[in-house]
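Just so it is clear, none of the values below were taken in a lab; they were calculated from the coordinates. Please read all numbers here as calculations on a predicted model, not as lab measurements.
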Amino acid sequence: MTPFDTRHLIGDLVVTLDVDVLAGAYPDRDLPPDPAPVVLARHGVAAAATAGLRAALFDMVSGNDEVLASAPGNWVAVVPVGSLDLRDPLGAVREMERLAALGVRGVRLFPDEQGVEADFPSVRHVARRAAVLGLTVLTGGDVRRFWRPFTGLGLRVVFLDTHFYHLGDFLVAAADEPGFHTSTRLLNSPDALETAVGEIGPERLLFGSRSPYYEPLVPLLRLATGGLKPDETALVAGGNARRLLLGEPA
């Protein structure tokens, strides 16, 4: 992948917080040529809600401590998100409690990477405790299955893998669950963003790129050139994420 400056393509769009950023390595993938801060800075993204793959795949405590120690550098600011291992639900709850005490406001689930299905008891167990602790949950997985364990809890959930093919299913579920939100990463059809805003409002969409493992240009261009109003775009481009993960007013 050849890096190039996209700012002339995205115009005046400013992403104040990308909700889907990873630090670290997958054991079965090559490392991207550039880490997420470099990739995001190249595209004008100001801050990254960052979760650690070490915590998700190997050791929760030491991996999350690595992310917590990430200081704002010369490229983008880091908003730490705790990674949980659903294969260890008891340990995941202890880790959530530790992170909440440290002021972390969001945790991330990796069901696909961990081989966890939506109906495993661990998912509902972790969801219940996250609701009690007032944490926002960022979760991967097919939204058509993973909406179920998060229902009826008053929980704030961001579905990170909502594909535009499955947008209708998300919108139906979200109509009954005001805490359900979605990343825009895969909502790249001609009218996906506009349809979602028309059905549930701009407050339920968050820009995500999954940098550095995915290229942020496509979701950036879709948001910059779509039919949303400027105030709606600002919410999607970071305002909603900052409300959920930093406690800032909408």
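Laid out as a table, the results:
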item	result
Cut-off under 5 Å, modelled amide H: who pairs with His163 long-range	Val143
5 angstrom amide H check on Asp18, placed H, neighbours 5+ away	Ala47, Ala48, Ala49
Chain lengthening between His8 and Arg87 when straightened (0.36 nm per residue, less Cα-Cα)	24.0 nm
Vicinal HN-Hα couplings computed from phi for region 157-169 (Karplus, 6.51 cos²θ - 1.76 cosθ + 1.60; Hz; Gly/Pro x)	10, 10, 7, 7, 10, 5, 8, 5, 5, 10, 4, x, 5
Cubic angstrom per residue, convex hull over Cα atoms of region 72-217	118 Å³
Computed helical MRE - 222 nm, the chain, DSSP H runs ≥ 4 contributing -39500 (n - 2.57), nearest 500	-10500 deg cm²/dmol
Rg and Dmax of the chain, Cα atoms only, in Å	16.7, 48
Over region 64-141: Rg over Rh, Cα atoms, Kirkwood Rh	0.99
Full-stretch length increase - Glu117, Val218 - with 0.36 nm per residue and alpha-carbon distance subtracted	33.5 nm
Phi-based couplings in Hz for region 40-47 (Karplus 6.51, -1.76, 1.60; Gly and Pro marked x)	5, 4, 4, 9, x, 8, 8, 8
Compactness of region 151-250 - radius of gyration and Dmax, Cα, Å	12.6, 36
Karplus-derived 3J(HN,Hα), 6.51/-1.76/1.60, for each residue of region 9-23, Hz, glycine and proline x	7, 9, x, 8, 4, 10, 8, 8, 7, 8, 7, 9, 10, 10, 10
Length gained when the stretch Arg144-Asp28 is fully extended (0.36 nm per residue, less Cα-Cα span)	39.1 nm
